[in-house]
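Values in this text are rule-based calculations from the coordinates and carry no lab data. These numbers were taken from a predicted model, which means no experiment stands behind them. Cβ placement follows ideal geometry from the backbone for every residue including glycine, while neighbour counts extend to all protein chains displayed.
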Amino acid sequence: MSRRIFTIISFILATAGLVLAVLSWTDLCSFSGCTEAHEYRFFGISLQLVGTLYFCILIATMLISTRCDKIKLPLHLMLAGGAGAEAVMIHLQKNVIQAWCPLCLGIAASVFLLCLVKVIASTTAPKGDTVMNKKQFISKFMLLTVAAIAGFAVSFVGIKKPEAAGIDTALGKYSSKVEVYIFSDWLCPICVKVEPIIEEAYKSLEKKAKLHFIDKPVHKESMNFVPYHLSFLVNEKPKYIALRKALFELAKTNKNPSLTDVQAVISPLGVTYKQLSFMDVSQTMAQSQALSTEYKVTGTPTIVIVNSVSKKSKTLVGSKDITAENLLKAVKSLE
């Protein structure tokens, strides 16, 4: 096989890896493994950015190497290091996350296949090309092995899931393996209908499960309530249910409340609104969207009950499913 064919195959694989890295920035992949894998960081930098930059630099290096043979060794070292890093990602998905991300696997396949192509190309040099002697081959093999081990070691140390990233919006029993995600929209009439049921079950739920009240805006005006809602979740946990009820009451008559309007309904509860940063609100809404995608939530109200250890879950949708009895029964079955 000619060198030109190997070069074309290499560029196709590198371009495929770049495309997959770019797609990892989107919500295209809705598998649970995707959502959790994308939460990991490489020394604080998002894996999506690291992957995109890696393939951009790799393609640029490949282009230069077609004109300058001296660049081939750095290129091969980059591939070996990338293969080591991808081995860490496969380990994380299999043994830590215990779920697979198709995009991540596709990126890993691109890197591993590129390495294979380079190995085959090196061992089947066309006539007229200089062939490495045994000593040169062993030296290069050892160097690439060290690069792969270094890539693995650096990635193993550097790839971590941020702990307590962003703001703490959870309620209830933090140590529980059962987590309850309540997705609602402030202008959804069925959400209003099931609120008394949630209020009724709350005192029992907070003793048994970790609770997450998630904004799932179906009506665009519901976004007007999100900053206030998140502030109450963070700063007023003991009074949250009463404040939630007050927000729902306000939403019945005012779809675009001002700070004065909100303060007027929460003052009787002895609460003063504390504004969160734009970054905190934006990050939390992104996390909420990711959860909505992960659990395939398409409408409100929806309640997802999950055992964080076994990954088993139950979903209640609408006023027929969401009753205090069904909710408590679902939590008990997943304990």
Estimated distance in nm for a label pair at residue 109 and residue 320, the labels positioned 7 Å out from Cα along Cα-to-Cβ
4.0
Relative contact order %, the stretch 3-160, counting alpha carbon pairs below 8 Å whose residues are six or more apart:
38
Mean separation of Cα pairs under 8 Å and 6+ residues apart, divided by the residue count of the chain: what relative contact order is that in percent?
19
Considering only DSSP states other than H, G, I, E and B, which trypsin sites (Lys or Arg not before Pro) in the stretch 231-310 qualify as loop sites with at most 12 other Cβ atoms within 10 Å?
252, 274, 296
Averaging sequence separations of C-alpha pairs under 8 Å and six or more residues apart, then dividing by the length of the stretch 171-333, give the relative contact order as a whole percent.
34
Under 18 Å from a point 7 Å along the Cα-to-Cβ line of residue 136: which residues of the stretch 1-26 have their amide N that close?
3
Let me know the volume per residue of the alpha-carbon convex hull for the chain, in Å³.
151
Please tell me which of these pairs span more than 25 angstrom C-alpha to C-alpha: 193/311; 255/314; 173/245?
193/311; 255/314
Gain in length, residue 45 to residue 173, computed as 0.36 nm per residue apart minus the alpha-carbon separation, to one decimal in nm?
43.0 nm
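Which of the helices in the chain meet the span-like rule: DSSP H, Cα axial reach of 27 Å or more, Kyte-Doolittle mean at least -0.5? Before the final figure, lay out the partial values.
Working: long enough: 3-23 (30 Å, 1.95); 72-91 (29 Å, 0.91); 102-123 (31 Å, 2.07); 134-158 (35 Å, 1.25); 189-208 (28 Å, -0.24).
Both cut-offs are met by 3-23, 72-91, 102-123, 134-158, 189-208.
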Rounded to the nearest 0.05, what FRET efficiency do residue 91 and residue 149 give with R0 = 22 Å and r taken as the Cβ-Cβ distance? Could you check?
0.95
Percent of all Cα-Cα pairs per 5 Å bin for the stretch 3-160, counting from 0 up to the last occupied bin, reads 2, 9, 17, 22, 19, 13, 9, 6, 3, 1, 0
